[in-house]
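Below is one structure, written out as structure tokens; comments come after it.
The values are calculated or read from the model by the stated rules, or taken from the named source; none is laboratory data. Predicted model only: the values in this text are computed from it and were never measured. Note that we place each Cβ from the backbone using ideal geometry, even for glycine, and neighbour counts take in every protein chain shown.
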Amino acid sequence: MAKLTDPLKIRNMEIKNRLGFPPMMSGSISNGIPGKNFYNVYEPIAKGGAGLITVEASGTEPMNNPIQPCMGLDENIPEFKKFTDKIHEYGAKIGIQFANGGILGLMFIPILRMPMPVAAPSSVDPVTASSVFELINPNWRKDLEKIGFKEIHALTKPEIIQIENLFAAAGKRAIEAGFDYVEIHSCHGSLYHDFLSPYYNQRTDEYGGSWENKTRFIKETVEKMRDKVNDNPIFVRISAEELLPDGLKIQDQLEVAKILESIGVDCIDVTQGIQVRTPRGINIPTYVPPGGFIHYPEAIKKVVNIPVIGVGNIVNPKMADEFIQQGKADIIYMGRQLITDPDTPNKYFSGQTDDIKHCLGCLVGCGRVCVLNPYKRHSYKELVPTEAPKKIVVIGGGIAGMELARVAKLRGHDVELYEKTDKLGGLMHILAAEYKKEQFMNIVKFQKIQLSKMGVPIHLNKELSNDEIRDLDCDTLVFAVGTEAVTPVKFEGRANVLTQDEAISKSKPIGKNVFIWGLDTYWKGGAETAITLKEQGYNIKGIAGSEKILAGILTNANLTGRIAFIHRYFKENNIPQFKNAKLIDVTDKAVIIQDSDGKEHEIEADTLIHIGGRVTPRKTLEKEFENVGFKVEYIGDCKKPRDIQAAINDAQTLARAI
């Protein structure tokens, strides 16, 4: 029985263990070649003990792409050779993935607001081809027209041959640059995937129709690449399912997998979904249970005799180890987990599992920097021990207060923490109580364990009086007391008007028919609160807000599976949405709003959950403690109501500065 710690041979390459890092866009490249940020992204993962690392989707064209590693130029080989030499110092094997965007070019149109050229096997309807954009924005077709995008270009046979040759030539350069293996990106909607997809490939020539024809493009590429990379392994990454009614099914990809093995592919890297149609299989939200897609590599492993890689919201190496032992995959990729904690492999293999910082699954950041690690990846800055230890008292045991205490203690300061309630974690308990978001508590669990192991005194159920605070013997006092949710003054005292915190915690009665004010996510809106209450049996009569889009804050996270899930849930459950709206009044039986056209709607509801108002005690505290004998600081929501990322950033920045 194989284990996660066991080595594995793939063709002529042996990896030291079976835990790897998948190809994930990081935006860390420097004009096509490795620079400081590129090393900051990949070196910690190699140092952290991963056996296998695949560099993100790279270009094969003879030009340097500012956002993509480039293997289309001979002159880039020396800089990549320096990079692979550094990775090899840690005993990891390093490969590089080659990609042609194909239909994924549609992703950049709404970002850049310009008509980017998009090529695919067939000239299909671009709106259907990028249906997740239409799901989030019903005016997507009109927007495409306004931007000036006309049609998807169907590749000619000479263009196909040219792409094959570019991939093969890039493979040769990669091996010369010290990469141990190469991988072809044939998933998530990229060009090679598009040729396999029933919707994107409607060709009638030798590249369309039968599986023999649909796989011709990748077969010809593998054959040409094999001639260039000699005996080095060739991987192919596939989406086992497109997760769509009209998409590729696992039964289809079982046949493709057998074909790939027959033409000399050495390893099949199994993922799922299409970025512009079903991103929940790629940017996997916590609505999907950890390891929720492992049945796909398990199915493919049964029909081939080459190694198979599994991936999908696997944040616990113990689970990864169990999957290996159960024969569900030969290698497990942990992407976002190794972004959150690159040392995960070493900690697990050495039995230090309590020290692993587990991913939240928030899907915010991930590429440039994890919300829990503001000084890692692109923003790497070494934590330096203090030369002048101070006594620091933290008031407030939410994630900001705990993070400040943890990092300050690591630097050598004497830290003590006070929390007025009987538990640590603050508002994370509310946030994590929403629908299938228990994973958000991972940071609280980590911080509590670390503070305990470091011996930081923690006083629960202890609310210091103003006089007790003034009498503290400390050099620095840090307020991390958070905020309080409030409703508008005109609704104060209304029994049927609740804050989001009250609704989620059930600290006040909720009527059966609920209307929600605030389109965003916690704490700025109730998109996921609506789903939570709906799943609990409440009737969601509608959601409204002044915002332009439902859960719009998540669009900053590169079109995550989280926002797509939210929009699809609202659509499938016919929950009315009112954007650019105004809240007029609340009665005992109804909520009255004004829509974007100025029309008033009286919506029958027992309860209004009003979201978006939080107050910080900072001004009061500043006035109360402006003349004390120690320095006073404010972090997290106490400083200004924001989010997890801001809370952790505040805490680490101050802890590094004291």
Go over the candidates LEU533, LEU519, LEU498 one by one and state the one that is crowded, with 20+ Cβ neighbours inside 10 Å, farther than 19 Å from PHE578 by Cα and in the same structural domain as LEU554 (by TED's automatic domain parsing). LEU498
Just to check your reading of the model, which residue among GLY49, GLY27 is on the phi > 0 side of the Ramachandran plot, touching a residue at least 24 places away in the same chain (Cβ under 8 Å) and touching a helix residue (DSSP H, G or I) at 6+ places or on another chain (Cβ under 7 Å)? GLY49
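Condition check ((1) aromatic (Phe, Trp, Tyr); (2) touching a Pro at 6+ places or on another chain (Cβ under 9 Å); (3) closer than 24 Å to ASP343 by Cα) across all residues:
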| residue | (1), (2), (3) |
| --- | --- |
| ASN17 | no, yes, yes |
| MET25 | no, no, yes |
| GLY35 | no, no, yes |
| TYR39 | yes, no, yes |
| GLY49 | no, yes, yes |
| ALA57 | no, yes, yes |
| CYS70 | no, yes, no |
| GLU89 | no, no, yes |
Residue within the stretch 356-364 that is outside any loop (DSSP other than H, G, I, E, B) and at pLDDT below 95 present: no
Quick one: which residue in GLU79, GLU75, GLU89 is touching a strand residue (DSSP E or B) at 6+ places or on another chain (Cβ under 6 Å) and over 19 Å from GLU159 (Cβ atoms)? GLU79
With a cut-off of at least 3 residues that are of a type in the set (A, V, I, L, M, F, W, C), name the helices (runs of 4 or more DSSP H) lying wholly within the stretch 61-140. 77-88, 108-112, 131-136
What are the pairs, 6+ residues apart or on separate chains, where a residue within the stretch 638-658 that is basic (Lys, Arg) has its Cβ under 7 Å from a residue that is not in a helix (DSSP H, G or I)? LYS640/THR616; ARG656/LEU383
Does GLY95 satisfy the condition of being surrounded by fewer than 21 Cβ atoms within 10 Å (Cβ to Cβ), farther than 17 Å from PRO279 by Cα and out of contact with any helix residue (DSSP H, G or I) (no Cβ under 6 Å at 6 or more places or on another chain)? no
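Per-residue answers, yes or no, for (1) aromatic (Phe, Trp, Tyr); (2) modelled with pLDDT under 95; (3) touching a Ser or Thr at 6+ places or on another chain (Cβ under 8 Å):
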residue: ALA544; (1), (2), (3): no, no, no
residue: ASP595; (1), (2), (3): no, no, no
residue: GLY612; (1), (2), (3): no, yes, no
residue: THR620; (1), (2), (3): no, no, no
residue: LYS639; (1), (2), (3): no, no, yes
Residues that are under 20 Å from THR620 (Cβ atoms): find the helices (runs of 4 or more DSSP H) completely inside the stretch 405-480 holding 3 or more of those. 466-470
State whether the residues of the stretch 135-158 include one that is surrounded by fewer than 24 Cβ atoms within 10 Å (Cβ to Cβ), among the polar types (S, T, N, Q) and within 17 Å of PHE108 (Cβ to Cβ). yes
Per-region count, the stretch 105-129, residues touching a Gly at 6+ places or on another chain (Cβ under 9 Å) and at pLDDT 95 or above: 6
Residues (of a type outside the set (A, V, I, L, M) and either surrounded by fewer than 22 Cβ atoms within 10 Å (Cβ to Cβ) or more than 13 Å from GLY292 (Cα to Cα) (or both)) located in the stretch 302-322: LYS302, ASN305, PRO307, ASN316, PRO317, LYS318, ASP321, GLU322
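Residues checked against (1) assigned to a loop (DSSP other than H, G, I, E, B); (2) in contact with a Cys (Cβ under 8 Å, 6 or more places away or on another chain); (3) farther than 18 Å from ILE259 by Cβ; (4) not assigned by TED's automatic domain parsing to the domain that holds GLU75:
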site	(1), (2), (3), (4)
LEU144	no, no, yes, no
PRO158	no, no, yes, no
ASN165	no, no, yes, no
ALA170	no, no, yes, no
TYR192	no, no, no, no
PRO198	yes, no, no, no
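Rundown of residues vs (1) within 30 Å of TYR287 (Cα to Cα); (2) surrounded by 20 or more Cβ atoms within 10 Å (Cβ to Cβ), yes/no style:
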{"position": "PHE570", "(1), (2)": "yes, yes"}
{"position": "ILE575", "(1), (2)": "yes, no"}
{"position": "LYS579", "(1), (2)": "yes, no"}
{"position": "LYS589", "(1), (2)": "no, no"}
{"position": "GLN594", "(1), (2)": "no, no"}
{"position": "ASP597", "(1), (2)": "no, no"}
{"position": "ALA605", "(1), (2)": "yes, yes"}
{"position": "LEU608", "(1), (2)": "yes, yes"}
{"position": "GLU622", "(1), (2)": "no, no"}
Segments classed as helices (runs of 4 or more DSSP H), wholly inside the stretch 237-346, with at least 1 members that are touching a Phe, Trp or Tyr at 6+ places or on another chain (Cβ under 6 Å): 250-262, 317-325, 335-340
What about GLU387, is it under 24 Å from the mean Cα position of the chain (by Cα), in the same structural domain as SER452 (by TED's automatic domain parsing) and at pLDDT 95 or above? no
